[in-house]
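Structure first, then comments.
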Amino acid sequence: MTTLALIMLLIVILLLVGMPVAYVFGVGAIGFALFTGKSMSYLIPHAFWQLGSFTLLSLPLFIIAGALMGASGISDRLVQFVNAFVGPIRGGLGSVTIVTCALFGAIAGSGASAIAAIGSIMIPKMVDQGYPRGYASALVGCSSVLALLIPPSIPMIIFALTGGLSVAAAFLSTIIPGIVIALIYCLINYIYLRKSDNVQVEEKISLPERSRVIAKASKEASWAILMPVIMLGGIYGGIFTPTEAAAVALAYTLPVGFLIYRGLNLQTAMTAIIRGAVSTGSIIAMIFFLFVMSRVMIMEQVPQQLSDFLISLSDNKIVILLLINLLLILIGMLVDDVSGSILASIILLPVAMDLGVHPIHFAAIVGTNLGLGNITPPCAPLLYMAGSVGNAQFNEYLKPTLRFICLGHLPVVLAVTFIPDLALFLPRLLMGIE
Amino acid sequence: AEEVVFAHAMSKEHIFNPIADQFLAALEQKAPGAFDVKYHPGGDLGDWTSQFEQTIAGEIGMTMTFPATDFDPRLNIASLGLVASNWEEATRVYGPGGSLVSTYEEIYAGLNMKLLAILPVDFAGIAIRKGEGKVPVNFPEDAAGIKVRVPPTQIAIKRFEYLGFNPVPMPFSELYTALQLGSVDGRTFGPPSEIWQMRDVLETYVFSRDFFEQGAFVVNMDWWNSLDASEQKALQASADDASKWAWKEAESISEGLIADIKAFGIDVVELTPEQNAKMGQIIRDKEWTWIESTVGKPLVDRIRTATAH
Amino acid sequence: MKMFFERADHYLAVACRFCLVFLTLFLTTMMAAAVFLRYVMDQSFPAIEELSILVGLWLYFIAMVVVTRERGHLTGGILDLLNLSTRTRALIKGFNDLVGLLVICFFGYYAFKYLFFVMKINRVSTNLSWPTALWVYSAIAGFTLMAIYKLRDLFIHKNSYTIYDNKSPHSKDAVLEEVSR
Ligand code: NA
Ligand code: NA
């Protein structure tokens, strides 16, 4: 336990002096392995094959597709289309970003893909409209977690399958919490931007004029709008899997960008692909060393020990549930989301069931918490990723992030923990579980 | 005490969990305090192929895993269809002292692993997703045009081609979503436990028993050799106890699962003797001949001898 | 000597970028082809999983090399908030580079060890029976080139903290002359 505390302290210090997150995780892994005398020879192979996962391939494909959509003119037209509706509303684009992340969740099963696909389009547009860069990045980083709460979600599938629960019920359990978080974020966004004079707002125009604007934007954006239609239709029509959808998205941008919107030529296309690939590289490097560090922690059974320790602190159900929340956030910081859901399922699910918590209720607790761990500094992979996509520095996005977390996500986590109906309402209604 | 990592990659409801409990209890009783076992269930140390490799490397001391053909193509025989078609045959072939156990011991020894026991999982069948309305029982004609997920191995692809399906190799992690959304019409190599796992998205389970899934309880050979005779004896005896228990219980666990699946509303279909014979002929004629090119005719002949009765 | 390094760096960067474009298009085409084959032609593409992972891993590691070259790693520091002297900043950067180099060398060593292990046990891919080493080489190439670029950062690169550091990839930062301010 002391070792863990020391390593955590070292990690925080190194992160603060601006060492690349990837190397910090590497140092954490080496430090912990040296302290505990664990063999280090399988850390790399393990992390390597975790990178070699078919589902992870959607990440580079979505990031590069996002870069190509930017260069091709698809994203401009999509945003103009959206803006035709929400232009006169202060903070409209921010709310659209939040809702888009939630909707994108219906396509993608990971927060990283959401940042890649939406952040690379929306952050520059928000900045154009006068949103502070750090704020826009924080908004995308925090909203990306919504992609995990709206099914499908890779960590949730793994949690349910490992714990022997119904995947569909586990999926349904996080939908209401997800929607609530999205609504609160929209509200925070509205209140925050109300005071800001830098953010541009279109002048109010009459309804017929507005319809003309919308009609014009829709016409110009028709090929762009077709893209999400193809993606959703393809996935829910069973034509391709969510992973393959990323490749389809990329393949779609090329002809539309070259032939229809003409934003792409050989030069711009190459540049966009390289930019996207390099952006992938910086994220993959971080994830890779996070896998390495996860492995050391798991080998040493750190989550198990943390759990035993925290649960021994009290007999009170409410206190234990609060401690489990804390533990889940810690796990979300120390290990990657897939390992996190395996650990939550094998270590904490039995504890929760002993306490009389409904397993599907617990799935929602896990779902809302692990996402939170991924955006809570200092170990905040999704947040750093949003910062990178948005070209923002840590100090620029730290404060807005904490605002979203403390006023939005954290209260919902507590509500989900203590109001089981938030999680159980939909599974009961639609699947009739007890 | 001898510190050792003992891992498997299977979920809570898999038979590996009670087997591990039995094994650990027996070990504590036979050699109290001799082993400090770090038990890692559920796959937190990697999927089963990775755990297989880690046991070769000695990173993991003991694992319950499945025969991984990446490391020795001869292990393809573990996926061969209809080596056993009922529990009695399975026990005779794979159970304690079974007719193929020594063959597997040899193969694993070549991979720097000591085989403690072959573990029973279950027979597997073909499941069709909700809303599909198809019930393939006459092969190959009923299977035409049905896209089924197969594990990404040659032998799995071949078998379901021979049986008339359109096999779609797909990683397990994509399977649930693919069934839910319909990128495949069904899945193969599905033991009842996995059908129960994915019950929400399934409609029909043709319990074809074309394949008997076996696990392998293996330990790293170097580590095994480093133990003294009494420790080796305690380990082997505990593994024997656990595997005997498993071979005794597996059938009733399977029956319980099938009952649950039926109660949940999934249509469980058994093949008639004629349908079964037709499937058996395709598998023995085509698949068994095909696999000779991968693993060699002598090995296939050994299986033919071991399964003849 | 410096000329030689600059030329080597230039050609390597061009090669890496070409690889990134090629691998991306190859991966996309392959996955789109798998969808087409399955949905339109009712046929399967058995090796799609291992092939796309092979392409993906090479894409990841080459991208990591380019990131290391362009100093585009993700960071989460508060250094910009503090009023530090140029010298202190340069020291901190030097320290970060040194630790980065050590981490890369340390894990690079284990990547090599793993390569020899899979070659020794002759592990092959499930479908195509290609040597697993082909996959592992991506990590070997990645770690080796990353280590070289980190060495450059330590010894050739002027140890000043630039506005491009740790921001999104910026090609200007990869040019030796322009980086020293
Ligand atoms: Na989702
Ligand atoms: Na965190």
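The values are calculated or read from the model by the stated rules, or taken from the named source; none is laboratory data. For clarity, every value in this text was computed on a predicted model and none was experimentally measured. Using ideal geometry, Cβ is built from the backbone for each residue, glycine included, and neighbour counts are taken over all protein chains shown. Protein only, heavy atoms only, side chains kept; ligands, DNA and RNA dropped before computing areas. Shrake-Rupley method; radii C 1.70, N 1.55, O 1.52, S 1.80 Å.
Table for the structure above
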quantity	calculated
Cα-based Kirkwood hydrodynamic radius, segment A:180-291, one decimal, Å	18.4
Whole-number accessible area per residue in Å² for chain B, which is evaluated in the context of all protein chains at 1.4 Å	34
All-pairs alpha carbon distance profile, segment A:320-382, 10 Å steps from 0, percent	25, 57, 17, 1
Proximal lysines to A:Lys399, defined as alpha-carbon separation beneath 28 angstrom and excluding residues fewer than eight positions away on the same chain	A:Lys125, A:Lys195, C:Lys93, C:Lys167
Accessible area buried between chains C and A, both sides summed, probe 1.4 Å, in Å² to nearest 100	5500
Principal axis dimensions, largest first and in whole angstrom, of segment A:57-431 by Cα	63, 43, 42
Peptide A:388-395 - average C-beta neighbours from other chains (10 Å radius)	5
In sequence order, calculated HN-Hα J values of segment B:2-11 (Karplus, 6.51, -1.76, 1.60; Hz; x Gly/Pro)	7, 7, 8, 8, 10, 9, 8, 9, 9, 6
Distance violations [Cα-Cα > 30 Å] among B:Lys158/B:Lys248; A:Lys38/C:Lys120; B:Lys114/B:Lys248; B:Lys130/B:Lys278; B:Lys158/B:Lys244; B:Lys12/B:Lys286	B:Lys158/B:Lys248; B:Lys158/B:Lys244; B:Lys12/B:Lys286
Segment A:57-431, relative contact order in percent, only Cα pairs under 8 angstrom and at least six apart counted	30
Net dipole in debye of segment A:57-431 [+1 Lys, Arg Cβ; -1 Asp, Glu Cβ; about Cα centre; nearest 20]	940
Distance (nanometres) between label positions extended 7 Å along Cα→Cβ at B:Ala237 and B:Lys130	5.2
Kyte-Doolittle mean at least -1.0, axial Cα span of 27 Å or more - DSSP H helices of chain A	A:175-194, A:266-299
Rounded percent of accessible protein surface that carbon and sulfur make up, segment A:57-431, 1.4 Å probe	67
Leading residue at positive end of dipole, chain B (Cβ point charges), from B:Met170, B:Val219, B:Val135	B:Val135
Sum of -39500 (n - 2.57) over DSSP H runs of 4+, divided by residues of the protein assembly as shown (222 nm, nearest 500)	-20000 deg cm²/dmol
Long-range amide H partners of B:Gly215 with built H, under 5 Å	B:Leu119, B:Val121
Surface accessible to a 1.4 Å probe, B:Leu299 within the full protein complex, Å²	20
Heavy-atom accessible surface that C and B bury in contact, both chains counted, 1.4 Å, Å² to 100	1600
Using alpha-carbon coordinates, inclination of helix B:297-307 to the longest axis of chain B, degrees	90
Estimated FRET transfer efficiency when R0 is 35 angstrom, pair C:Ala90-A:Leu232 (beta carbons, to 0.05)	0.10
Straight-distance crosslink candidates among aspartates and glutamates, where the alpha carbon sits under 16 Å from B:Lys147 and sequence neighbours closer than 8 are dropped	B:Glu132, B:Glu161, B:Glu174, B:Asp185, B:Glu203, C:Asp42
A versus B: buried accessible surface, summed, Å² (probe 1.4 Å, to nearest 100)	2800
Solvent-accessible ranking of C:Cys19, A:Cys101, largest area first, probe 1.4 Å	C:Cys19, A:Cys101
10 Å binning of all Cα-Cα separations within the protein assembly as shown, expressed as whole percents from 0 upward	2, 12, 21, 25, 21, 12, 5, 1, 0, 0
A:Arg262/C:Ala33 FRET efficiency (R0 22 Å; Cβ-Cβ; nearest 0.05)	0.25
Cα centroid separation - segment C:83-151 against segment B:103-151, whole Å	38
Rounded D (µm²/s) - chain B, Kirkwood Rh over Cα pairs, Stokes-Einstein at 10 °C, 1.306 mPa s	79
All-pairs alpha carbon distance profile, segment B:252-309, 5 Å steps from 0, percent	4, 15, 14, 15, 13, 15, 13, 9, 3, 0
Where segment A:345-434 is the region considered: accessible area per residue in Å², 1.4 Å probe	34
Förster radius 30 Å - calculated FRET efficiency between C:Phe155 and C:Arg7, Cβ distance, rounded to 0.05	0.95
Accessible-area composition of chain B, carbon plus sulfur, in percent [1.4 Å probe]	50
Alpha carbon convex hull of segment C:9-115, projected area averaged over orientations, nm²	10.3
Between 0 and 90°, nearest 10: helix B:273-282 axis offset from chain B longest Cα axis	70
